[in-house]
1. Can you give the net charge of the other residues whose Cβ lies under 15 Å from the Cβ of THR141, counting K and R as +1 and D and E as -1?
2. Between the helical axis of 142-158 and the dominant principal axis of the chain, each derived from Cα atoms, what acute angle in degrees is found, rounded to the nearest 10?
3. Rg over Rh of the chain, using C-alpha atoms and the Kirkwood radius, what does it come to?
4. Over all directions, the average projected area of the alpha-carbon convex hull for the stretch 196-339 comes to how many nm²?
5. Considering only DSSP beta bridges with both partners in the chain, what is the antiparallel share in %, to the nearest 5?
6. Can you tell me the 0 to 90 degree angle between the C-alpha axis of helix 234-249 and the longest principal axis of the chain, rounded to 10?
7. Determine the relative contact order of the chain: mean sequence separation of Cα pairs under 8 Å and six or more apart, normalised by residue count, in whole percent.
8. Tell me, VAL91, VAL66 in order of fewest to most beta-carbon neighbours within 10 Å?
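Nothing in this text is a laboratory measurement; each read-out follows from the coordinates by a stated rule. Given the structure is predicted, the values throughout are model-derived calculations rather than measurements. Note that we place each Cβ from the backbone using ideal geometry, even for glycine, and neighbour counts take in every protein chain shown.
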Amino acid sequence: MYKAVKGMNDVLPGAGEAFLESALWEHIEHVAARVLGQYGYRRAQVPIVEETQLFARGLGDATDIVSKEMYTFSDRGDRSLTLRPECTAGVVRAYVEHGYGHKAPVQRWWYMGPMFRAERPQKGRYRQFYQIGAEFFGVATPASDAETMIMLHRLCTELELGDVTIKINSLGDPESRVAYRAALLDYLRPKAKQLCESCQSRMETNPLRTLDCKRPECKSVMTLAPDVADSLSLAAITHFKEVEALLAGAGVPCVREPRLVRGLDYYTGVIFEFSTSALGAQDAILGGGRYDSLVEELGGPSTPAVGFAVGVERLALLLSARTKISSRPDLYLIPFPEVVAECMALAEDLRRTHGLRVEVDLAGGKLKTQMKRADQSGALHVMVLGADEIASNTGKIKDMRSGESLPVVLISDEIVCMITKA
């Protein structure tokens, strides 16, 4: 008996774990597509597999993702390929490869799909996981940062996620980052022995990542670490304050988190994270920020950009604890064998004309068995049709919530009216 690979989940109708219910994921994708579309984002799809060097160059050789977590293999042509650990690098590669930076630099793209990281599975964190993300290319203004966070706040509201905290910070421009890296290293080096083994390694290669360590001994050291705000250039400070002002003007609350960093080297300027207390230690549900150098780094023209990624599993965990969402049919039709064709024609009319979810029981068997299948489907209404019903053009609709059965004429408009009233 085969089983799914550890840390890789099946998303199915009626899944044993509520957050893996496929209808819930469909709901998340539908809401995201609607909200992002309202802000001018169009869907982009890029390959799951890319050349390994794309991630090494784009994300940074010293990041945990590149050094420890990537699924990398050699293909038949002995080329080094990697299952994507995130999607921004691939989307930027597509933006550069297809010449958007020259012919139409301002682009708003969104995507949804699987990512892969070889890390220890835990709640909300898996080896194959799904993200909804977006990239906004070609605009460097504070308004582009603010609009991204306003849109994400709207997405959280539309999904009814409850209390979500928006944390923001700035990593500054290149000048600011050089200054802060020096200040942070001056602080960390005398305290190196107090840090965990991972942070001792990160200290020289990617010191900003030490700020994000969850180990108690490292968190204690970091409480007195220099604030990046003290190293920001005047331009970076002005940009950040304008973003704060735009968010306040839009009624979107946020807090500055001086220890907030992002795990990938391409981030510059304003960064953000949305978190909730409902998920325990893994409290972040989405994160992103500005990355104004990555397009040029990957071979395109100098192009500012801002983007984000949302963890679908974490959204699903939140929503499954709050509400039950299923893809149950509006109507479940049970035909006797002699009227299967007529029943299928009626169902098709209801789907095509009125957009109803209609499931026809084509498995047959005893009526008791068919009614059991109707109940298992979660259908809101059930109708049994035989030769008499078809001949008289009448039937009875059973409301599965109240148990009440009411007569109805077998015309699609009348059936829809009856279902709506119920």
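1. Overall, the nearby charge balance is -3.
2. Once rounded, one gets 30 degrees.
3. When Rh is taken as the Kirkwood radius, the ratio is 1.08.
4. Averaged projected hull area, Cα only: 16.6 nm².
5. Taking every DSSP beta bridge within the chain, about 80 percent pair in antiparallel fashion.
6. The two axes meet at around 30 degrees.
7. 16
8. VAL66, VAL91
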